[in-house]
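A short reminder: the numbers here are calculations on the coordinates, not readings from a lab. Here the structure is a predicted model, which is why all the values come from computation and not from measurement. All Cβ positions, even for glycine, are placed from backbone atoms using ideal geometry, and neighbour counts span all protein chains on display.
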Amino acid sequence: MADLFDNVILCGQCGKEMFKDQIIKNGMRIRSAACEKCGKKEFHPLDLERYKEFQQIRQRPFRVKLRMVGNSYAVSIPREIIDFFSEAEKIAEEVEMHISEFDKLMLIFHQKVFKKTRLLK
């Protein structure tokens, strides 16, 4: 299916061609089209919908149990969170983990983090 932003977009107010741009809001890319003449700005409807989904998941607190698995601890990630990320891109089987603050643990799901490099012998 062709994307709306693959085509030329004309301003509804002045009829001039709008230039394509993007903003990054809370780490999410939201595509937009803006008119240089009148200043009108339109956002990609699918990106806005996805951002609203993100806001709903982000505001909802998830309580999960910490479990012992072998010599490590495990935390289950709720299905809603995995589904949200897997809709955007293929989710990696591994995640990158960092301690971001004293009491915060951060997981990074982006597959591009896990590009395997070939070791030269």
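Net charge near Met106: determine it from the other residues with C-beta under 15 Å of the C-beta of Met106, scoring Lys and Arg +1 and Asp and Glu -1.
-2
For the pair Ile108/Lys52, report the inter-label distance in nm, with labels modelled 7 Å from Cα in the Cβ direction.
Roughly 3.1 nm, to one decimal.
Applying a 10 Å radius around every beta-carbon, put 60-70, 41-51, 99-109, 2-12 in order of their mean neighbour count, most first. If you can, show how the numbers build up before the last one.
Details: 60-70: 7.8, 41-51: 14.9, 99-109: 9.8, 2-12: 11.5.
Most protected by this proxy first, the peptides run 41-51, 2-12, 99-109, 60-70.
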